[in-house]
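Rule-based calculations on the coordinates, nothing more; no lab input. These numbers come from a predicted model, not from an experiment. So basically every Cβ, Gly included, is an ideal-geometry build from the backbone, and we count neighbours across all protein chains shown.
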Amino acid sequence: MTPRRNILFITLLFTLFFVSIVGATFTVSSTGFDFGGSTAEPTDFEQETLTLTNNYVEARIEGFSHSFTQSSNVPHNTVSIGSFVMDFTGIVIPSGGTSSSINVDFTIPEGLDAIDDEFADAEWDVGDLVITGNLINTTTEEDHGPVEVTIPITTQIENHLEIADVELTFGDDDPFNVSNGGSENPRLDQEITITVRYENTYDDDDYTFDGDDIEIKLFFGSDDLETLTGEDNVEKDEIGMASTQFELEDFDAEVDEKYDVLIEMRGINNEGGVHGATYEFELDIQEEEDTTTQTSIVDLDQDGVDDEIDFCPDTLLFCEVDEAGCALDNDNDGICNTSDSTPDGEEDEEDDEPEQQEEEPEEPEEDTTQTTPDEPTNSSSMGSFVFGLVIGIIGTALFFVMTRN
């Protein structure tokens, strides 16, 4: 074989080998891992498995390792290579072969945000897990350098800062709780008090929220109402609060109009993770109170005068009264004008005279010179008295004599 042919033959062999190397692939069984979830907690341990396949010709893959490249959109740089544990001991993948199952152990990191900017439960694309191996030519044992596969990683944790309830007070009315999505009916002239109560729902004492790290924004319709800071630090299962007051008229509210009130709350726990929630309700504005309406009074004698200022609280029902609540009695005869036939004390003389004539008839003159036969005289009366006295004395004497014998 001439030198020229030798060169051509070697070039052809190299080209075939190069094509086999470049055209082949190193693949992984998983397209990505989702760790955690809406109920996952920091430091939770989770495990996934994978297999690796060597599609190269006349080359094996060995010397595996892994690394992690974090996504730029993950807050607080919480995920690192330390979150993953993989064991590649003794794994060599021959040409066209597949590895045994390889465990991928993952620990949910602390400080991960539970919500995104829209207050939705956040499933974070935290980065890529990279598995690297060395490609070895099985004929020449030449090391052709590293080959790698990439596995996208996402993770999610549970939100632990919730709005426990929202309390409303309209003016001097009693406070009450408004439901999320509910509607209430304040009057335009009433001052509104909104009290937001928030709760740390962690089951672990290690995670707390400082009141200063809790921000509560309130919106009335399209207007920013106020931004509050939490008044209380909250540990596991504890409830804190924040409160504000405002006048509806300050926001040009109108009667019979409805306005949405939106509450957005964010809090940062002691590990730097953001948690929070929203709450929304509606205010349907009513007319102002009619201040001309008389309040009810106590008036036991029903004379139209409040008992508090009634000088005569027991006035008869049918009597007219003065401003002090006392019956009108012009002639002061103790009979109120309504029942008095002569309320002014005057009588009709023409009507009185006949009545007097009828009531007083003339008496006959007494005749002192004559005595009627039926009437006893004074002398006859005296005689009867003497006669009776004599009979009494005689009877007494006889009784005395008889008793002595």
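Hey, what do the phi angles of segment 186-191 turn into as Karplus ³J(HN,Hα) couplings, whole Hz, using 6.51/-1.76/1.60 and θ = phi - 60°, x for Gly and Pro?
x, 7, 4, 8, 8, 7
Below 8 Å, C-alpha to C-alpha, sequence gap of six or more: please give me the relative contact order for segment 181-234 in percent.
Dividing the mean separation by the residue count of segment 181-234 yields 30 percent.
Read phi for every residue in segment 48-56 and hand back ³J(HN,Hα) as whole Hz from Karplus 6.51 cos²θ - 1.76 cosθ + 1.60, θ = phi - 60°, with x for Gly and Pro.
10, 10, 8, 10, 10, 10, 9, 9, 6
Which of the peptides 188-196, 166-174, 240-248 is most tightly packed, and how do the rest follow, judged by the mean count of other Cβ atoms within 10 Å per residue?
Result, highest mean Cβ count within 10 Å first: 188-196, 240-248, 166-174.
Quick query: amide H of Ala40 versus all other amide H atoms, modeled in the peptide plane; which residues come in under 5 Å with a sequence gap of 5 or more or a different chain?
Excluding prolines and chain starts, which carry no amide H, the hits are Glu158.
Given the peptides 152-161, 31-40, 336-345, arrange them by the average over their residues of other C-beta atoms within 10 Å, most packed first.
Those peptides, ordered most packed to least, come out 152-161, 31-40, 336-345.
Find how many whole Å separate the alpha carbon centroid of segment 266-284 from the alpha carbon centroid of segment 172-191.
21
Using Cα-Cα distances under 8 Å and only pairs 6 or more residues apart, what relative contact order does segment 75-146 have, in percent?
24
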